[in-house]
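Asks: The structure that follows is given in the form of structure tokens.
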Amino acid sequence: MVPLLVQFTEAQAKTLRTESRRRKQPMAALVRESVDLHLAAPSGKKPRSTNGSAPSSPSADFAPA
């Protein structure tokens with residue numbers, strides 16, 4: 001593992017903490033999973049935020065384990 005510093009919006013951080021508790025997994029594991037899913041998605045289907053805000057349904061970014 002390589003340590004990296006990342007920043008999240010308040011909404012993203014809140015959703016990440018909530019999902020971490022719900023799944024009983026570390027936040028870092030959820031971030032790694034999300035990055036893997038994003039990188040594996042077809043290039044035309046990657047969700048992108050152009051204004052830096054959180055998605056309208058942040059919990060939808062996390063697939064059920």
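Asks: Within the stretch 1-16, count every residue that is assigned to a helix (DSSP H, G or I) and either over 14 Å from residue 32 (Cα atoms) or touching a Phe, Trp or Tyr at 6+ places or on another chain (Cβ under 6 Å) (or both).
Replies: 6
Asks: Looking only at the stretch 4-24, count how many residues are touching a residue at least 12 places away in the same chain (Cβ under 8 Å) and surrounded by 14 or more Cβ atoms within 10 Å (Cβ to Cβ).
Replies: Result for the stretch 4-24: 5.
Here, each number is a calculation from the coordinates, and none is a lab measurement. Since the model is a prediction, treat every value here as computed from it, not as a measurement. Note: ideal-geometry Cβ built from the backbone for every residue, glycine included; neighbour counts use all protein chains shown.
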